[in-house]
1. Any residue in the range 472-482 that is crowded, with 17+ Cβ neighbours inside 10 Å and closer than 21 Å to residue 547 by Cα?
2. Which one of these is more than 30 Å from residue 353 (Cα to Cα), assigned by TED's automatic domain parsing to the domain that holds residue 52 and out of contact with any strand residue (DSSP E or B) (no Cβ under 6 Å at 6 or more places or on another chain): 158, 210?
3. State whether one or more residues within the range 383-398 are free of Cβ contacts under 8 Å to residues at least 40 places away in the same chain and either surrounded by fewer than 18 Cβ atoms within 10 Å (Cβ to Cβ) or in the same structural domain as residue 499 (by TED's automatic domain parsing) (or both).
4. Can you confirm whether the range 302-316 contains a residue that is in contact with a helix residue (DSSP H, G or I) (Cβ under 8 Å, 6 or more places away or on another chain) and over 18 Å from residue 114 (Cα atoms)?
5. Of the residues that sit in the range 291-317 and are on the phi < 0 side of the Ramachandran plot and modelled with pLDDT under 90, which one is surrounded by the most Cβ atoms within 10 Å (Cβ to Cβ)?
6. Residues that are within 16 Å of the chain's Cα centre (by Cα), at least 3 per element: which strands (runs of 3 or more DSSP E) completely within the range 156-256 meet that?
7. Conditions: (1) touching a strand residue (DSSP E or B) at 6+ places or on another chain (Cβ under 6 Å); (2) outside any strand (DSSP E or B). Residue 346 meets all but one. Number of the miss?
8. Quick check, is residue 536 modelled with pLDDT of 90 or more, surrounded by 16 or more Cβ atoms within 10 Å (Cβ to Cβ) and in the same structural domain as residue 442 (by TED's automatic domain parsing)?
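The values are calculated or read from the model by the stated rules, or taken from the named source; none is laboratory data. Please read all numbers here as calculations on a predicted model, not as lab measurements. So basically every Cβ, Gly included, is an ideal-geometry build from the backbone, and we count neighbours across all protein chains shown.
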């Protein structure tokens, strides 16, 4: 279906009359955005958006934008074609005289595709994005009268964005930077295709304007990110990129439904070079090859009309490589013991998650109510590496901000952010005997390692030794026993330091009192075993020292300690 057909399909009667306007409250969305939301069943975003899309800059947004060393801007050239560019300047080059205005003491360099485009009355879209913290806020408005050499923006809409797919990058200034010569071409060169095909980030300019003063009209600057290669050039004249799950505003897609003209900006972060592209977009709502773009909800193809390349265009530099961030949705919450709960996450966009090795941990960020910034924590992955989802298992700490939030408030559907799984607390050999020793919630990496060993099915001897207070505080007891029953090479030992009377009446544990090196030495009869230990620092130190006295070399002992900060 071409864009003209889409426009006809989505326009119905008076295109700018919405449900909200009929109720006497203007909608933050124009007809194209509303139509896409209707098509995809997310029109209930309207009530939420009316609270967060404002016609002025909140104080936090003013502070944010004025602290940035650059802003992404979107506008149209004299021919009406949209482009995106970066505007940078010295510290304080962005000011906000009042909540309804921003002033940018900067202009595009003479070779930029938007040179001369920021004139009074022109639409402008602004994206403030802090790559090192992944914060971003957007502003849409019109150019007002101002001083020469500066751009005054009259704000029409201001709103925040989720940090999904933003790659963390630190910036620095390049001394005495001089923009290189601009190259213009009607189709992409081979070098430009490589640039695009290896990008992990780009910015997109789109817009729609009809008659009237609807604040939802105008230009929009947005961010797109993914793994390198998520944008693909199809030939010298077109490229394609996936559209992932987002905030359900559909600002870009809604614009393209009514006006298919689009601008893309690719940044070579290590040199400050810019590649600007303008063209015409088509939306593929249900393409046959959608599965080739994991996590994508739809695909967008852009027929390139012109490309503008400028080397060293701006005086900022960033890290070439950056850590990716993924949004996760809580799908299951499972009580494992009196104080430990498992949280099972899937990708928010429905795509596959990065593979992890047993024993690795997952760095996460949780947005806590009333907190100025997300709280960062690291939790061991407790699930099997073969699982398609991530499982972390968290002990509720009485003073732990994140653990209390997860236990008390997180429910299926909750969104958190994560980085790639990491860590070297992993199996070091393929057939050697393994001793897995955990205390309390230190079982979390051990249960993952046990799942991985069980899946190998190579018959290597394994001792799974777990020290806990009592049966009430014994997570994964049934899961471990089931694995041991199915695999004769797995031997288990549970040590209860303070068993309850009901524990003593059953077969819940194997030894009473503190777990000592002597107990372990009596269980394990292999001098070539590799020992994996996880628990509180004092527990770990005692076991390491004691195992050494029993003749276990330091090279055979691998530790993963945790403390109050990791648990909180």
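1. The answer is no, given that none of the residues of the range 472-482 is crowded, with 17+ Cβ neighbours inside 10 Å and closer than 21 Å to residue 547 by Cα.
2. Just one listed residue meets the conditions, 210.
3. yes
4. no
5. Across the range 291-317, the extreme among qualifying residues is 296.
6. 218-225
7. (2)
8. Criteria not met by residue 536.
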